[in-house]
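Notes to accompany the following structure.
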Amino acid sequence: YVYGNWIKDLDFVIFNRWGEKVFETKDAGFGWDGTFNGKPENPAVFAYYIKAMINGEEVIKNGSIVLVK
């Protein structure tokens, strides 16, 4: 999930290590559950990209997350 106050126009994307998009949402109330095409992903490092309007300012963040079981 992307948590924060006053988030507008959210674009949240998660990619696997091969650059394949495994999750995307524009709804801050909808988060990734660790699956892709209905199947659980194996533990790994995934890249994320977030672009949002917060208090009228465009904010872009990216980094990595670790999926563990």
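The values are calculated or read from the model by the stated rules, or taken from the named source; none is laboratory data. As the structure is a computational prediction, the values presented were derived from the model and not from experiment. Here the Cβ positions follow ideal geometry from the backbone for every residue, glycine too, while neighbour counts run over all protein chains shown. What goes into the accessible areas is simple: the full protein's heavy atoms, side chains included, and nothing from ligands, DNA or RNA. Shrake-Rupley method; radii C 1.70, N 1.55, O 1.52, S 1.80 Å.
Here Cα extents along the principal axes in Å was computed from the coordinates, and among (1) 29, 25, 22; (2) 32, 22, 16; (3) 37, 19, 18 the match is (3). Counting other Cβ atoms within 10 Å of each Cβ, which trypsin sites (Lys or Arg not before Pro) in the range 4-64 have at most 13 and sit in a DSSP loop? Answer by residue number: Arg17, Lys26. Normalised per residue, the accessible area of the range 15-59 is 69 Å², obtained with a 1.4 Å probe and no contribution from ligands, DNA or RNA.
Of the heavy-atom accessible surface of the chain (probe 1.4 angstrom), what whole percent is carbon and sulfur? Reported share for carbon and sulfur atoms: 52 percent. In this label model, Val45 and Phe30 are separated by 2.9 nm, measuring between points 7 Å along each Cα→Cβ vector.
Taking amide H positions as modeled 1.01 Å from N, with prolines and chain starts lacking one, the residues under 5 Å from Phe23 and 5 or more places away or on another chain are Ile14.
The lysine pair tally for the chain, using Cα distances under 16 Å and a gap of 8 or more places or different chains, is 9.
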